[in-house]
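A short worksheet on the structure shown next.
Derivation of every value follows stated rules applied to the coordinates shown; laboratory data play no part. Nothing here was measured: the structure is a model prediction, and the numbers come from that model. A quick note on method: Cβ atoms are made from the backbone with ideal geometry, for glycine too, and the neighbour counts reach across all protein chains shown.
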C-alpha cells in the first residue's frame, strides 16, 4: 500500500470517547492531518456482540482506506478486542494501532497490590482482557467494575450533572472499599471524567489511561515507515453516523471544536 507522509491519520471510536486519544495524538504529533469518525449511530459498542463490532470495524476501516489514510487508530478498547485481528489480516501493510486497558503500567504503579478497573462490559468479558491479567497481573489483585450507562451520558456532553455524579460514585465506591490505590480507565470515554473522579477519590490514588501510549506507538510506527508529517499543522475532519448537530454540540464541550463535521452513512 503506497502512502506518503502528507496523507492523514485516521482515528475512530464508537462515539466521542476517542477524542481523548485524538487530543494526545494532536499534542504529540501536531503536524499530522487527522480524520475522526464517531460511530454514534451504533453506540455503545460495549453492549454489542463481537460479530457486530467486527462488521463495524471493517466498514469504517474500508472507508478510511479509500480516504488514503496512512495509518488507522482504533481508539476504542472494545473495538480493538473484537476487530483488530481481522483488520490486520485484511490490511497487512497498513499501520494499525489499537487500545488495551493499561494493566501492565497499573501493576507496576500500585503500592498496595490492589488495582481497580473501570471499563465496559464487553472489555471486561473479553479473552484479551483475561490474557492481560494473566500476563501482567499475576501478583496483583484486580477489582473489575463494569460501568453501564457512563458512555451514553458522556456522549451527550454530560460530565458534571447529579445523574452522572451518582452513577460514577456507585462504580467507584467498590474500588475504594477494596483498597485500590490505582484505577485503570479502561474506556476512552472515561478520561473526560477525570475532574469528577478526582472529587471522589483520595489524591494518593493514581489514574491510568492509555491515550498517551497510543500516540507514542503511532509516532513509532510512522517513524519506522518514514511517514511522519513534516509540514505545517493541519486541521481535523470529523464524521459521525449519528446526528451531526448533536455531535457538533458535544465537540464544543469536549474539545472546543465544532468544524468540519460530516455525516457518514453505512
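Taken as Cα centroids, the range 5-70 and the range 193-207 sit 28 Å apart, rounded to the nearest whole angstrom. Extension gain, residue 263-residue 249: 0.36 nm per intervening residue step, less the Cα-Cα distance, totals 3.6 nm.
Between 62, 93, 181, the GNM of the chain built on Cα springs shorter than 10 angstrom shows 93 fluctuating the most. For helix 211-224, report the angle its Cα long axis makes with the longest principal axis of the Cα atoms of the chain; keep it between 0 and 90° and round to the nearest 10°. Its long axis makes an angle of about 40 degrees. Placing a label point 7 Å from the Cα of residue 88 along the Cα-to-Cβ direction, the residues of the range 118-150 with a backbone N closer than 18 Å are 126-136.
Label-to-label distance, residue 230 versus residue 212, with points set 7 angstrom from Cα along the beta-carbon direction: 2.8 nm.
Work out how much length residue 138 to residue 194 would gain on full extension: take 0.36 nm times their residue separation and subtract the Cα-Cα distance, in nm to one decimal. That pair, residue 138 and residue 194, stretches by 17.4 nm at full extension. The long axis of helix 162-177 is offset from the longest Cα principal axis of the chain by roughly 60 degrees.
Rounded to the nearest 10 degrees, the inclination of helix 50-66 to the longest alpha-carbon principal axis of the chain is 30 degrees. Springs between Cα atoms under 10 Å define the GNM used for the chain, and in it the highest mean-square fluctuation of 14, 126, 204 occurs at 204. If you run the Gaussian network model on the chain, springs between alpha carbon atoms under 10 Å, then out of 46, 83, 223 the most flexible one is 223.
How would the range 103-209 be classified by its alpha-carbon gyration tensor: rounded, prolate or oblate, with rounded meaning a/c under 1.5 and the a/b versus b/c comparison settling the rest?
Working: a/c = 2.13, a/b = 1.41, b/c = 1.51.
Cα axes put the range 103-209 in the oblate bin.
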